[in-house]
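Working notes, structure below.
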Amino acid sequence: MVGNDVVDLRDADAASEYAPRFDARVFCDEERASLCAGPERARRRWQLWAAKEAAYKAAVRQDPHTVFSPSRFRVHLPLQPDIPGDTVLHGLVETPVGDLPVRVFEEAGAVHALVCTDPARTVAGMTRIAINDADPDGPGREVRRLAGRRMASLLEVPEETIEIRKRGRIPELWVSGEPSVPPSLLSLSHHGDVVGFACEVSFVR
């Protein structure tokens, strides 16, 4: 399973203060207790939120009937990395399909949460893009371009042979007009000026 989510901490919406009723609806007592005071409160809020979103995207692959109810996705995530000098937070998310491991890291003013069951075969990336408000499809197109470029390099195939299609709401990786066999699990996310992806690679040429 694989799932990812990004939050642009520089986006005005992410930086604004949320009403206490939002936190009460979305987070359990333990999660709310971990929300820090001051400017760190927003960062922690979106670390937890991104972990929930990423876990949902992974869980729905196992059970398509999974409903995203934030309070049912309980995040256990340390405030600081377990290993001194590390920049990644390692935790887990309780979900309706079982506990899923999650990694959360910050880069270029954005949070990226990644849930995967096989880290050794999972490729992920995140970048900032120039947003054109007149092009609402731009972020979706840019995240597909980022994933396609990285996967083409990994698979050593021309970028134009990589395609990302959807089965329902779930993205799939296609190569030279055919779905990758076995399937390479793919997750896409965008928020504000940030796009990110994660892919569990089924094969490497």
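The values are calculated or read from the model by the stated rules, or taken from the named source; none is laboratory data. For clarity, every value in this text was computed on a predicted model and none was experimentally measured. Don't worry about glycine lacking a Cβ; one is built from the backbone with ideal geometry, like all the others, and counts go over all protein chains shown.
Couple of notes before you dig in:
- Flag for Arg74 being crowded, with 16+ Cβ neighbours inside 10 Å, of a type in the set (Lys, Arg), in contact with a helix residue (DSSP H, G or I) (Cβ under 8 Å, 6 or more places away or on another chain) and at pLDDT 90 or above: yes
- Residues that are touching a Lys or Arg at 6+ places or on another chain (Cβ under 6 Å) and free of Cβ contacts under 8 Å to residues at least 40 places away in the same chain, drawn from the range 1-47: Asp23, Leu35
- In the set Arg103, Arg141, only one residue is out of contact with any Cys (no Cβ under 7 Å at 6 or more places or on another chain), closer than 25 Å to Pro183 by Cα and at pLDDT below 95; that residue is Arg141.
- In the range 66-85, the residues that are over 20 Å from Cys36 (Cβ atoms) form Cβ pairs under 9 Å with partners that are part of a loop (DSSP other than H, G, I, E, B), at six or more places apart or across chains, as follows: Thr66/Pro96; Thr66/Val97; Val67/Pro96; Ser69/Pro96; Ser71/Phe27; Ser71/Cys28; Arg72/Pro96; Phe73/Pro96.
- Here the range 156-185 is the region considered, the condition is being at pLDDT below 90, part of a loop (DSSP other than H, G, I, E, B) and in contact with a helix residue (DSSP H, G or I) (Cβ under 9 Å, 6 or more places away or on another chain), and the residue that is surrounded by the most Cβ atoms within 10 Å (Cβ to Cβ) is Ser184.
- Lone qualifier among Glu107, Glu172 - being acidic (Asp, Glu) and closer than 23 Å to Leu48 by Cα: Glu107
- Pairs where the first residue, in the range 52-64, is closer than 14 Å to Gly168 by Cα and the second is among the β-branched types (Val, Ile, Thr) and crowded, with 24+ Cβ neighbours inside 10 Å, C-beta under 9 Å, 6+ apart: Lys57/Val2; Lys57/Val115; Arg61/Val2
- Residue count for the range 61-78, restricted to those that are farther than 23 Å from Leu186 by Cβ and assigned to a loop (DSSP other than H, G, I, E, B): 3
- Residue tally, condition surrounded by 14 or more Cβ atoms within 10 Å (Cβ to Cβ), without any contact (Cβ under 8 Å) to a residue 40 or more places away in the chain and not aliphatic (A, V, I, L, M), over the range 86-97: 3
- Tally of residues being under 24 Å from Arg144 (Cβ atoms), within 17 Å of the chain's Cα centre (by Cα) and not in a strand (DSSP E or B) across the range 79-130: 7
- Residue in the range 14-31 that is within 17 Å of the chain's Cα centre (by Cα) and aliphatic (A, V, I, L, M) present: yes
- Any hit, the range 135-155, residues being outside any helix (DSSP H, G or I), in contact with a Lys or Arg (Cβ under 8 Å, 6 or more places away or on another chain), touching a residue at least 24 places away in the same chain (Cβ under 8 Å) and of a type in the set (A, V, I, L, M): no
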